[in-house]
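The values are calculated or read from the model by the stated rules, or taken from the named source; none is laboratory data. Everything quoted here is computed from the prediction, not taken from an experiment. Cβ coordinates were reconstructed from backbone atoms using ideal geometry, including for glycine residues, and neighbour counts include every protein chain displayed. Just the protein is used for accessible areas: all its heavy atoms, side chains included, with ligands, DNA and RNA removed. Shrake-Rupley method; radii C 1.70, N 1.55, O 1.52, S 1.80 Å.
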Amino acid sequence: MRHPFPLKPPFFEFGPKAYLYGETMLNLARAIDASAIRHDVDVILTVGYTDIRPVADNTQRVKVFAPHMDPLPIGAGSGAVLAEAIKEAGAVGVQLNHCEKPLSLDVLEQTIRRADEVGLATMACADSVEDVKAIAAMGPNVLVAEPTELIGTGTTSDASYVLETIAAVQALNPNIMVLQAAGISNGRDVYNVIRQGAQGTGCSSGIAKAGDPAAMAEEMIRSVRKAWDDIHVNH
C-alpha cells in the first residue's frame, strides 16, 4: 500500500455489478453522491468500465472504482483491462478478487502492486479468516471481508466473523480499512454491522434490485452515519 487513500470511517460501497449501466447508473450515482454529502459519509462506487468517466465527471463526494483490472503493462493484451486506462477514465481505485471475478493469490498480489505503480487504490475481497490474513499481508487500501456463501442471500456475517476479521487486519496493518459486507439488504443490516465494529459496509443487489434504488441507498448511507454516531458521538 504505497499510496495513501483518502477514505475515512464510516464509509459505504455500492457495486451495481451488471444490474445497472448508462443513464440509469449515472442518475443513481448523482443521488448517491447527494446522500454522501448530506450524511458526510465517504462512498465508493464500483461501476462498470463504461460508466467510470460519466460518473466521475458528474459527482463530487463519491470515489469511483473499477470492478477489476489485469496486471499487464502497456502493450499487447487485447481484451485485458489496463491500469493506466482505468485511471485516465477517472477511477481512483479498483476492486479485486470479487467472488464473481476471483484471482489466485499470486495474481492478486501482482495486480495490487501494478495498481500501486499507477496510483490506484485497491479494494481486495476476502472470504475466510485465513483469506483475510493472507490478503491483508499484501497491503490493499481496503479489505472487504465477506463470506462468499452469504453474498446476495440477505443473511449477514455473524458478530464473531466481523470481530475476528477486523482484529486480524488490525494486527497485520492498522492502516488498512476494513469493509464488512455480504447479505446487506436494508438499513437495519447496515446499522447492525457498523455497531458490531465495522468501519464500513456495502451492498450490491440490495440497492440495484430495490423498487427505488436511490431511496434504498439513502436509507443505507443514513444508517451508516447513525450507527457510527451512536457509537462514537452519542454514547
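Structure above, values below:
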| quantity | calculated |
| --- | --- |
| Out of THR24, THR46, sole residue that is under 16 Å from the mean Cα position of the chain (by Cα), polar (S, T, N, Q) and closer than 17 Å to GLY206 by Cα | THR46 |
| Number of the exception - LEU7 against (1) over 16 Å from ILE207 (Cα atoms); (2) modelled with pLDDT of 95 or more | (2) |
| Residues satisfying the stated conditions in segment 168-191, i.e. under 15 Å from PRO9 (Cα atoms) and either open to solvent by 30 Å² or more (accessible area, probe 1.4 Å) or β-branched (Val, Ile, Thr) (or both) | GLN170, PRO174, ASN175, ILE176, VAL178, VAL190, TYR191 |
| Residue match in segment 215-229 (condition: among the small types (Gly, Ala, Ser), modelled with pLDDT of 95 or more and surrounded by fewer than 20 Cβ atoms within 10 Å (Cβ to Cβ)) | yes |
